[in-house]
Amino acid sequence: MNSKSIIETKTNYRWQCRRGMLELDLLLNNFVDKKVDSLDEKQIQSFDMLLSYPDQALLDLLLGNSVSSDSEISKLVSQIRSTPLS
Amino acid sequence: MSSIERRQFDTLIIGAGGGGLRASLQLAEADLSVAVVSKVFPTRSHTVAAQGGMNAALANVLPDNWHWHMFDTVKGSDYLGDQDAIEYMCRAAPKAVYELEHFGVPFSRLDNGKIYQRAFGGQSQNFGGDQAARTCAAADRTGHAILHSLYQQNIRAKTHFFDEYFAVDLLKDGEGRVLGALVFNIHDGQIVIIEAKTTLIATGGAGQLFKTTTNALINTGDGLGMAMRAGIPLQDMEFFQFHPTGIAGRGMLITEGARGEGGYLVNGDGERLMERYAPKAKDLASRDVVSRAISIEIKEGRGCGPKKDHVLLKLDHLGEDVIQKRLPGIRQTCITFLGLDPAESPIPVFPTAHYTMGGIPTNRYGQVVVPVKDTPEEPVAGLYAAGECACVSVHGGNRLGGNSLLDILVFGRAAANHIIEYLKENKYHKVIDEDIVSNAVQRAKRFDLNSEPSPGGDEVKETVAVLRKELKQVMEDHCSVFRDKQFLIEGVDKVEQLCDRMKNVKIDDQSYTFNTAKVEAFELENLMACALATIHSALAREESRGAHSRIDFPDRDDKSWMRHSLYSFENGLDYKPVRTKPLSVESFPPKPRVY
Ligand SMILES: Cc1cc2nc3c(=O)[nH]c(=O)nc-3n(C[C@H](O)[C@H](O)[C@H](O)COP(=O)(O)OP(=O)(O)OC[C@H]3O[C@@H](n4cnc5c(N)ncnc54)[C@H](O)[C@@H]3O)c2cc1C
């Protein structure tokens, strides 16, 4: 991504990652801060898809209580879960 | 001014959590035009986080009736709750549950098909007798189910949504009437003036006031800040509920269920600390008691870890099977956030800011009420509040688990019903003076960089991130579970300095697309207002009641302090009496609160 679109994407994501649960705020914002710049087109699509899920479904995925049948989403979830929290 | 968009509605609702959506549904079904503004997509509101459930005396599992529920709520409030509102809520509770069922909430069932009810702290049969079972739940996702059902019903009823719009300030005329609000679209920064005959604030709590909180980032007390800037005092803000077991340093809630299953707390000496504080109930004593015990241990140097800043919640003795079967959510939360498995190691916990008992003063019709001359509760024309941002007051000094979802639904609906009646008498929009609009627009630019550099040259520029961090730390250090005069005086001083520094906040990002920096500046300003009200009210209240514990005044003092605090920018502190007279039954007079 070029630098302008990175900034725009990041601020857009920052708002999409404001959720109704603290657990989601922490995991998603941490990922946006540290990893979003390095995502490729396909991963961005998966991330957009993930963010469109309802909070409860997102929580179940990110805490490992459920597994997505979509392998791209599932890979992204592992990436979010393995990004160390600051 | 011509470029500013203006819209007109019968009612503007600020907030799309359970409180706002229950009200909007009632209004839309009455064929009124209703706008709901929400800074996040409605189903991402904080109500989604409520897992435990909602109280109603249905008597499906154990004998129960609304009068026992009322007694428990009055006692739980440490006699600061208004008994007329409490009676109203407890009587309305069963109907609120059946309504939700009708809206599509899939409540968990008993084998006989009736709604399942679980036992929660502070619930009794027969006015303080055996444990009651009063909490209705849709598995462990009650809030999610309520929010989604209400949202779908609103879509069907054609409520008009302004999703991802941020409300900045109320519009108020010279006679004190509220005529709507100024909001802006977070996507593109466009301001919209929403003119409304009635406005309902339903913006939720202010858990972000404290460093460690169970609340999501969005809980910044925006409605409370808006009310204060409109000259409305905040009520009982010194009463903030701390949940005893949040994950230390991070805040995520570890439910009471963990202790219910046999988990217990240990201090740095490996001692089972609750045996000393509550020999009978031990780790299942009420929330405020356990939170105070943990704080004392840490203050007296018996905390755990290198900084001795937390205690440990031990579950490993329960065995992996029990943990996996009964507490799977907690296990996953600990593995994800702490990298530890509670089946093997204890969980570091710390009392964590959880619920804002105080808020915008209202009567049981949801009308915002303020003292005017000798009348303590004069309605503000056109303005209503409901939900966690309001102080009705049904929770008084301490909220019972399961009573908040009930509160938001019952009073969201009650406010809507009052609005429907009010609109029959007030059919037309009041004309809004151009001055009011242009002032509001001007004020909405308060964090924009001036295009002209200031004459003095380089003034100090403060950043939102730094101030927010400092504020949360100050509130945690000076105004959390335990309070005393010296500490509070220092805290007041620090909060006031932070409020002064807030005036120097300027936002570098002047773009209009997703300018979250600007949103965060407004949020911080609202948190600052809440902090001022909270810490001033806490310093003034020289007694211990409910969640407000003063080391220097350890007892409850009904003679001097059975009254509500009111704090405003204009007048500082003021007080008004507790409404001790219920609607139809005898009052419950204050008694010592033992469990
Ligand atoms: C982890 C957790 C678990 C809980 N569990 C339970 C439970 O089991 N039982 C129970 O009874 N209670 C529980 N509670 C408490 C309960 O969930 C809340 O008190 C309740 O959901 C608040 O609902 P509300 O409608 O008042 O506000 P919220 O649901 O917080 O909604 C606030 C709304 O206001 C909007 N808003 C805020 N500011 C602005 C602004 N400036 N402009 C535009 N929109 C704005 C938001 O977008 C949102 O839509 C729990 C709380 C927490 C933190």
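The values are calculated or read from the model by the stated rules, or taken from the named source; none is laboratory data. Given the structure is predicted, the values throughout are model-derived calculations rather than measurements. Methodologically, a virtual Cβ is constructed for each residue, glycine included, from the backbone with ideal geometry; neighbour enumeration extends over all protein chains shown.
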Working carefully through the options B:570, B:520, find the one that is among the acidic types (Asp, Glu), in a helix (DSSP H, G or I) and touching a residue at least 24 places away in the same chain (Cβ under 8 Å).
B:520
Mind telling me which of the residues B:249, B:305, B:301, B:319 ends up being over 28 Å from the mean Cα position of the chain (by Cα), at pLDDT below 95 and at positive phi?
B:319
Which one of these does residue B:79 not meet: (1) under 17 Å from the mean Cα position of the chain (by Cα); (2) assigned to a loop (DSSP other than H, G, I, E, B); (3) more than 16 Å from residue B:135 (Cα to Cα)?
(1)
Go through the range B:38-71 and report how many residues are buried (at least 24 other Cβ atoms within 10 Å of the Cβ), away from chain A (no Cβ under 14 Å) and in contact with a strand residue (DSSP E or B) (Cβ under 7 Å, 6 or more places away or on another chain).
5
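Yes or no, residue by residue, for (1) free of Cβ contacts under 8 Å to residues at least 40 places away in the same chain; (2) of a type in the set (Phe, Trp, Tyr):
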site: B:373; (1), (2): yes, no
site: B:390; (1), (2): no, no
site: B:413; (1), (2): no, no
site: B:418; (1), (2): no, no
site: B:422; (1), (2): no, yes
Which of the numbered conditions does residue B:220 fail, given that it passes all the others? Conditions: (1) more than 13 Å from the ligand (Cβ to nearest atom); (2) of a type outside the set (D, E, K, R); (3) within 11 Å of the chain's Cα centre (by Cα).
(1)
Report the residue count in the range A:17-56 for those that are facing chain B (nearest Cβ under 9 Å) and either more than 16 Å from the ligand (Cβ to nearest atom) or assigned to a helix (DSSP H, G or I) (or both).
9
Does residue B:152 satisfy the condition of being modelled with pLDDT under 95 and in the same structural domain as residue B:35 (by TED's automatic domain parsing)?
no
Just give me the residues in the range B:513-533 being within 28 Å of residue B:75 (Cβ to Cβ) and either small (Gly, Ala, Ser) or in contact with a strand residue (DSSP E or B) (Cβ under 7 Å, 6 or more places away or on another chain) (or both), in sequence order.
B:533
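Conditions tested, residue by residue: (1) within 11 Å of the chain's Cα centre (by Cα); (2) at pLDDT below 95; (3) under 25 Å from residue B:355 (Cβ atoms); (4) not basic (Lys, Arg).
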| site | (1), (2), (3), (4) |
| --- | --- |
| A:6 | no, yes, no, yes |
| A:13 | yes, yes, no, yes |
| A:25 | yes, no, yes, yes |
| A:43 | yes, yes, no, yes |
| A:48 | yes, yes, no, yes |
Looking at (1) modelled with pLDDT under 95; (2) within 11 Å of the chain's Cα centre (by Cα), which one does residue A:58 not meet, given that it meets all the others?
(1)
Quick one: in the range B:18-63, of everything that is near the ligand (Cβ under 6 Å from one of its atoms) and of a type in the set (A, V, I, L, M), which residue is nearest to residue B:121 (Cα to Cα)?
B:54
Just one of B:232, B:193 is part of a strand (DSSP E or B) and away from chain A (no Cβ under 13 Å); which is it?
B:193
Any residue at all in the range B:93-100 that is away from the ligand (no atom under 16 Å from the Cβ), touching a Phe, Trp or Tyr at 6+ places or on another chain (Cβ under 9 Å) and touching a residue at least 40 places away in the same chain (Cβ under 8 Å)?
no
If we scan the range B:207-215, do we find a residue that is more than 23 Å from residue B:356 (Cβ to Cβ) and more than 9 Å from the ligand (Cβ to nearest atom)?
no
Every residue in the range B:398-422 that is closer than 21 Å to residue B:253 by Cα and more than 10 Å from the ligand (Cβ to nearest atom), please.
B:398
Taking residue B:126 and the conditions (1) within 16 Å of the ligand (Cβ to nearest atom); (2) over 30 Å from residue B:445 (Cβ atoms), which numbered condition does it fall short on, given that it satisfies the others?
(1)
Within the range A:57-74, restricting attention to residues that are away from chain B (no Cβ under 14 Å) and free of Cβ contacts under 8 Å to residues at least 24 places away in the same chain, which residue is surrounded by the most Cβ atoms within 10 Å (Cβ to Cβ)?
A:68
